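Participant: Pasting a structure below so you can have a look.
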Amino acid sequence: MKNIKLTVFFQIVLIIIMGQLLGCTVKAIHREGQPLEETIGPVRAVIEHGDWLVIRGTTGPDNFIGSVTNMPFSHSSIYDAENDQVIESDRQGVHVTPLTDYLSHAARIWVIKPMWATPETRPLAVELARSFVGRPYDFTGLIGLGLPDSYYCSEVAMSAWKPFMAKTKKSNPIPLVISPGRLHHWGRVVYDSMEIGLGKVPESLSN
């Protein structure tokens, strides 16, 4: 019995360590070369209520995860246009952050429009995301276990749109675990701060 308890204890410790290492548990820091005044305009030109904001953090763990997983992003959130803030989950749990603060911590930015987004569904998705605020961070979700009423970053983004996923094609199933860099499989990237260039948004995206 003692050995079983020790095994369970070490499994829990391992889960926590893995959760701390994974991108969306890490608070990113500002990196020179991505000034907020050059990113905020292009983002505001295309972002809408309920869109996803996916970023790459700049800490050591962010860079490590990006390298070993070959993924360029480490964190995600859903945009609340009415309050000009994002709803995100990190070690603090699910909380809100002003858009400008969120972007100032980004080395690279994606704006993604979820495939289920319409004028009718957007406010409903954001309202659901708001209901998650105050819930704890899901340290076990990123390895497929999941804690009830807890959310990791991509889990917040996807769960807000869950009521509208019934028509998702079987050829594009939604897996149990979704990393931030894979959210584009269920949406359309309309802004990439690297590929489009800072301060530059094609006219087709800004209309």
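Participant: When you look at Y152, is it surrounded by 18 or more Cβ atoms within 10 Å (Cβ to Cβ), touching a Cys at 6+ places or on another chain (Cβ under 7 Å), at pLDDT below 95 and not acidic (D, E), yes or no?
Facilitator: Considered against the rule, which asks whether it is surrounded by 18 or more Cβ atoms within 10 Å (Cβ to Cβ), touching a Cys at 6+ places or on another chain (Cβ under 7 Å), at pLDDT below 95 and not acidic (D, E), Y152 comes out as yes.
Participant: Return yes or no: is I143 surrounded by 13 or more Cβ atoms within 10 Å (Cβ to Cβ), closer than 22 Å to A45 by Cα and modelled with pLDDT under 80?
Facilitator: Against the criterion (surrounded by 13 or more Cβ atoms within 10 Å (Cβ to Cβ), closer than 22 Å to A45 by Cα and modelled with pLDDT under 80), I143 does not qualify.
Participant: Going by the conditions given, is D90 within 18 Å of G57 (Cβ to Cβ), touching a residue at least 40 places away in the same chain (Cβ under 8 Å) and of a type in the set (D, E)?
Facilitator: So D90 passes the test.
Participant: Next question, about the same structure. Please list, ordered by residue number, the helices (runs of 4 or more DSSP H) wholly in the range 1-99 having 1 or more residues that are modelled with pLDDT under 60.
Facilitator: 2-21, 60-69
Participant: Look at S179 and say whether it is of a type in the set (S, T, N, Q) and modelled with pLDDT of 95 or more. Reasoning before the result, please.
Facilitator: Details: of a type in the set (S, T, N, Q): yes; modelled with pLDDT of 95 or more: no.
Taking the combined requirement at face value, the residue does not satisfy it.
Participant: Return the residues of the range 101-139 that are buried (at least 20 other Cβ atoms within 10 Å of the Cβ), part of a strand (DSSP E or B) and not hydrophobic (A, V, I, L, M, F, W, C); say none if nothing qualifies.
Facilitator: The answer is R108, P114, Y137.
Participant: Across the range 155-168, which residue is farthest from R135 (Cα to Cα) among those that are modelled with pLDDT of 95 or more and assigned to a loop (DSSP other than H, G, I, E, B)?
Facilitator: Among residues in the range 155-168 that are modelled with pLDDT of 95 or more and assigned to a loop (DSSP other than H, G, I, E, B), the one farthest from R135 (Cα to Cα) is W161.
The values are calculated or read from the model by the stated rules, or taken from the named source; none is laboratory data. Please read all numbers here as calculations on a predicted model, not as lab measurements. So basically every Cβ, Gly included, is an ideal-geometry build from the backbone, and we count neighbours across all protein chains shown.
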